[in-house]
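Just so it is clear, none of the values below were taken in a lab; they were calculated from the coordinates. Keep in mind that what you see is a predicted model, and the values were worked out from it rather than measured. Heads up, the Cβs are rebuilt from the backbone with ideal geometry, glycines too, and the neighbour counts pull from every protein chain shown.
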Amino acid sequence: MRIISASSISYQNSFDNPGFSSALIKVEEQTKVIEPEYDDIIPPASTRRMNQAVLMATATSINCLSNLDGKPEGIIVATAHGSPHNTKKFLKSIHFRKGNLLSPTPFMLSTHNTIAGQLSILTKNPGYNTTYTQNSLSFEHALIDTKMQIEEGANCFLVGSSDEFETELHDHKFRIKERPLCIGEGASFFIIAKPNNEETPNILDVEAHSNISDREEIIENFLNKNKRSLEEIDKIYFSIDNGAKNQFLSRFDHDKLIDLKLYSKIYYTMSSFGLHLAFDYLVHNPNETVLVINNLIESNLGLMLISNNKWF
Amino acid sequence: MRVFVTGIGIISAIGQNIAENLHNLTTKTSGIKFDPEFNELTGKVLLSNEELASSFQLNPALYSRSTLLALTAAKEALQGFPEEQLEDLGLISGTTVGGMDRAEQAYFNKLDNLPPNNLLDLRHENGNATEDLAELLGIRGYVNTISTACSSGANGILLGSRLVKSGRLKSVLVGCSDPIAHLNASGFRSLGVYSDKICKPFDSDRDGLNLGEGAAFLILEGEESVKQYRSTVLCEVTGYCNTSDAFHQTSSSPDGSGATRSMIGALEMAKLNPNEISYINAHGTATPNNDLSESIAIKNVFKKHVPPFSSTKCYTGHTLAAAGALEAVFSVLGIQNQHIYPTFNYESPIKETMMIPETDLIQDKEINHVLSNSFGFGGNCTSIILSKFK
């Protein structure tokens with residue numbers, strides 16, 4: 001799958017800033033995401049009602065789409081938490097008003113597919129539209145669907161993830177052992193298309209495995225399937241929960257490893273930011289190959305292999 | 001590669017299993033009753049979490065009601081499924097409420113400056129609930145959760161079929177589960193879409209929906225797997241299509257554009273003419289907006305030859321994400337038994353379209369191809385076609 005464009009709102013200066021992957025700055029707990037002027041990108045009448053997840057997704061999607069002639073055939077969104085801001089707003093109104101007339105707006109905007117729905121309405125896209133919410137593997141599942149769409153004949157799709165900071169309705173500590181646990185937020189969207197003979201970064205393969213028993217074996221099989229050896233991988237962006245982290249990482253060349261959370265904090269769909277980093281890196285290093293390892297939840301493993309297509 | 005349905009399971013307001021649901025569909029027995037907990041007419045599953053959990057010797061404190069309902073329906077679908085075939089089975093679940101039935105309790109406590117009753121209430125996010133289900137069923141590998149509101153069930157069948165057709169999975173368990181929680185019960189109240197009577201789909205005096213809860217699962221298998229394991233084929237998935245209305249977050253466009261295109265897309269994929277459809281199981285929530293918009297869309301596609309159609313939401317209520325899965329199961333039953341299940345409460349047609357739903361059980365028509373519609377918030381429109389196996 002060819003990546004035509006990528007856009008992220010993150011703790012790095014990633015928005016509309018090609019080359020940002022070579023100037024990464026480690027985040028502190030108090031660091032906030034670096035955001036554009038949303039009203040310059042999105043019609044202000046629309047931004048009024050948007051919660052953070054929708055704002056970030058919309059700005060990055062519009063940014064991606066500005067590079068495209070024509071419309072993608074559809075929109076696929078990955079999100080672990082959807083619209084928690086609206087859910088909480090609505091729950092508050094139920095709890096304190098007890099039966100008095102409730103405003104429906106926060107409820108209407110609280111479903112997980114609000115992001116995808118709002119994108120289709122704003123960009124007037126009548127095509128395929130879906131939302132995956134499989135915690136740390138949501139984005140990989142979105143990419144697998146995209147791959148099938150392209151196999152089925154689609155030219156291009158808008159695909160991405162968005163998750164706003166959220167710890168009140170869900171405690172990540174149940175699934176992620178990392179301590180201290182620095183929860184963050186972010187959105188990354190991409191225009192993904194059928195490969196052609198242009199020399200641009202391509203996602204060669206993507207896999208998502210749940211309830212795994214042997215991480216090393218799955219990674220080895222993935223690389224073998226794609227006829228790559230570990231030595232041929234030039235950069236590895238990874239999220240690995242505690243477990244046997246150090247033992248696992250020791251098999252890789254230390255210089256190739258980038259621990260995503262140091263630059264993005266931790267949120268379930270952060271592997272999409274890993275993909276944007278890979279894309280940005282490869283645009284400036286066209287002869288290399290990148291692997292994104294998503295083992296954020298120990299029992300789930302997502303893998304993405306990215307390279308410029310001249311290496312097919 | 002052809003895709004077949006080889007197992008079904010269900011739990012809803014009209015029964016805890018397939019046999020009970022079938023019986024009530026054929027005797028026009030609704031499961032919608034006044035619910036004192038939510039002060040509305042609802043289609044509730046008549047089992048508490050404790051009762052659901054105890055049939056599997058589980059501790060109810062550990063699971064969301066979504067998971068318990070899903071487990072009940074999934075286990076029924078998997079009856080007779082060989083242990084060795086589990087290796088090749090994926091899981092796609094869908095939900096709107098997910099673990100919010102638990103998380104909202106924790107949040108209400110927080111708003112009162114109290115600690116959560118149960119720390120685990122904050123563990124039950126959507127994807128986690130599906131992983132609980134996978135673990136309880138012994139499924140590993142491909143586990144995914146769809147959340148497209150009321151079209152989730154149909155979208156699960158669509159995704160599952162494509163995964164099998166593309167050779168990525170040999171078989172997949174697809175379905176949805178949605179319980180009634182304060183979040184969705186109050187949510188629909190705030191939208192002003194409830195009827196204070198049992199709903200009247202496609203009636204000119206329809207005034208709203210009844211909320212329901214439930215779960216339904218289907219096993220989808222590719223031809224190779226069916227041959228290898230000698231699975232019993234119930235019917236075939238022959239067509240599906242998902243489109244966006246791209247109009248409004250909760251209302252359907254007045255010209256039914258998204259729904260029109262999803263039905264046409266499903267027919268094109270199944271290579272069927274509209275007049276080959278034996279029956280339409282409509283989304284038919286009985287809201288003024290949906291039933292008009294859906295009727296217009298059906299007329300756009302079928303013109304003067306609208307096939308027999310009905311909505312089964314007067315039996316179960318609108319079960320949100322689970323609706324598409326429940327109604328797919330009802331469509332399978334329609335094909336297996338050569339039935340068309342009626343809508344009741346209907347008295348007079350919608351003026352703009354004058355379409356009359358079936359109001360009696362039909363048993364003497366050949367049922368070859370059933371079209372099922374599911375339309376969700378965000379303008380998400382999905383149609384699927386199930387066909388008699390030939």
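Can you pull a Stokes-Einstein diffusion coefficient for the stretch B:100-250 at 20 °C (1.002 mPa s), Rh from Kirkwood over Cα pairs, as a whole number of µm²/s?
Rounded, D is 115 µm²/s.
Among B:Gln338, B:Gln79, B:Gln228, which one shows the biggest mean-square fluctuation in a GNM of chain B, springs joining Cα atoms closer than 10 Å?
Judging by the Gaussian network model, the answer is B:Gln228.
Given N residues in the stretch A:36-108, what is its alpha carbon radius of gyration divided by 2.2 N^0.38 Å?
1.39
Assuming 0.36 nm per residue, please report the length gained on full extension of the stretch B:Lys227 to B:Leu62 beyond their Cα-Cα distance.
My answer for the length gained is 55.5 nm.
Among A:Glu216, B:Glu358, B:Glu125, which comes first, then next, by fewest other beta-carbon atoms within 10 Å?
A:Glu216, B:Glu358, B:Glu125
Over chain A, what portion of Cα pair distances is larger than 35 Å, expressed as a whole percent?
Summing the P(r) of chain A above 35 Å gives 16 percent of all pairs.
Can you give me the Rg/Rh ratio for the stretch A:220-305, using Cα atoms for both radii and the Kirkwood formula for Rh?
Looking at the stretch A:220-305, the ratio lands at 0.93.
For a footprinting-style exposure proxy, rank A:Cys156, B:Cys176 by other Cβ within 10 Å, fewest first.
The order, fewest Cβ neighbours first, is A:Cys156, B:Cys176.
Calculate, in whole percent, how much of the Cα-Cα pair population of the stretch B:16-58 lies beyond 12 Å.
Pairs farther apart than 12 Å: 69 percent.
From the helices alone, meaning DSSP H stretches of at least four residues, give me the mean residue ellipticity at 222 nm for the protein assembly as shown, per-run term -39500 (n - 2.57), in deg cm²/dmol to the nearest 500.
-9500 deg cm²/dmol
Out of every Cα-Cα pair in the stretch B:21-99, what percent are more than 15 Å apart?
70
When chain B is treated as a GNM, springs tying every alpha-carbon pair under 10 Å, which of B:Arg230, B:Arg102, B:Arg206 comes out with the largest mean-square fluctuation?
In this elastic network of chain B, the residue with the biggest mean-square fluctuation among B:Arg230, B:Arg102, B:Arg206 is B:Arg230.
Provide the net charge surrounding B:Ser177, with neighbours chosen by a C-beta distance below 15 Å and charges set as Lys +1, Arg +1, Asp -1, Glu -1.
-4
When 1/r is averaged over all different Cα pairs and the result inverted, which Kirkwood radius in Å belongs to chain B?
The Cα-based Kirkwood calculation yields 20.5 Å.
Obtain the nm distance between the two label points defined at B:Asp255 and B:Glu83 by a simple spin-label model: each point lies 7 Å from its Cα along the Cα-to-C-beta direction.
For B:Asp255 paired with B:Glu83, the spin-label model returns 5.9 nm.
May I have the pair-distance distribution P(r) for the stretch A:77-121, computed from all Cα-Cα distances with 5 Å bins from 0 and rounded to whole percent?
Histogramming the stretch A:77-121 at 5 Å steps yields 5, 24, 26, 20, 12, 8, 4 percent.
What are the semi-axes of the equivalent ellipsoid of the protein assembly as shown, taken as the square roots of 5 times the eigenvalues of the Cα gyration tensor, listed largest first and rounded to whole Å?
After diagonalising the Cα gyration tensor, the semi-axes are 39, 27, 25 Å.
Which net charge results when you count Lys and Arg as +1 and Asp and Glu as -1 among the other residues whose beta-carbon is under 9 Å from that of A:His81?
-4
For every other residue with a beta carbon closer than 15 angstrom to the beta carbon of B:Thr343, add +1 if it is Lys or Arg and -1 if Asp or Glu, then tell me the sum.
-3
Could you work out which residue, out of A:Ser162, A:Ser239, A:Ser110, moves most in a Gaussian network model of chain A, that is, has the largest mean-square fluctuation with Cα springs under 10 Å?
Greatest mean-square fluctuation among the candidates belongs to A:Ser110.
Just to verify a number: FRET efficiency for A:Glu151 and A:Lys245, C-beta to C-beta distance, R0 = 35 Å, to 0.05?
After rounding, the FRET efficiency stands at 0.50.
Using r as the Cβ-Cβ distance of B:Lys303 and A:Val283, and R0 as 51 Å, what FRET efficiency do you calculate, to the nearest 0.05?
About 0.45, to the nearest 0.05.
Calculate the FRET efficiency for A:Asp259 and B:Leu111 from the Cβ-Cβ distance with a Förster distance of 45 Å, rounded to the nearest 0.05.
The pair A:Asp259/B:Leu111 has a calculated efficiency of 0.75.
Output needed: percent of Cα pairs per 10 Å distance bin for the stretch B:1-134, bins running from 0 to the one holding the longest distance.
11, 33, 36, 16, 5, 0
Of A:Lys227/A:Lys265; A:Lys89/A:Lys177; A:Lys194/B:Lys165; B:Lys165/B:Lys313; A:Lys147/A:Lys225, which pairs sit farther than 27 Å apart, going by alpha carbon to alpha carbon?
A:Lys227/A:Lys265; A:Lys89/A:Lys177; B:Lys165/B:Lys313, as the Cα separations exceed 27 Å there.
Tell me the label-point distance for the pair B:Thr29, A:Asp16, using the 7 Å Cα-to-Cβ offset, in nm and rounded to one decimal.
6.4
With only alpha-carbon atoms in the gyration tensor, what are the semi-axes of the equivalent ellipsoid for the stretch B:238-332, in Å, largest first?
19, 17, 13
Once the mean 1/r over all distinct Cα pairs of the stretch A:157-312 is inverted, what Kirkwood radius in angstroms do you read off?
Roughly 16.2 Å, rounded to one decimal.
Between A:Ile25 and A:Asn224, what length comes free when the chain is fully extended (0.36 nm per residue of separation minus the Cα-Cα distance, one decimal in nm)?
68.3 nm
State the extension gain, in nm to one decimal, for the chain segment bounded by A:Ser103 and A:Glu198, taking 0.36 nm per residue of separation less the distance between their alpha-carbons.
This chain segment gains 29.1 nm when fully extended.
Provide B:His124, B:His318, B:His339 in ascending order of the number of other Cβ atoms located within 10 Å of each residue's Cβ, fewest first.
Taking fewest neighbouring Cβ atoms as first place, the list is B:His339, B:His124, B:His318.
Mind checking the log10 I(q)/I(0) for the stretch B:297-354 at q = 0.14, 0.28, 0.29 Å⁻¹? Debye, one equal scatterer per Cα, no solvent, two decimals.
Ignoring solvent entirely, the Cα scatterers give -0.50, -1.19, -1.19.
Can you give me the Kirkwood hydrodynamic radius for the stretch A:162-205, using every pair of distinct Cα atoms, in Å to one decimal?
Hydrodynamic radius (Kirkwood, Cα only) of the stretch A:162-205 equals 14.1 Å.
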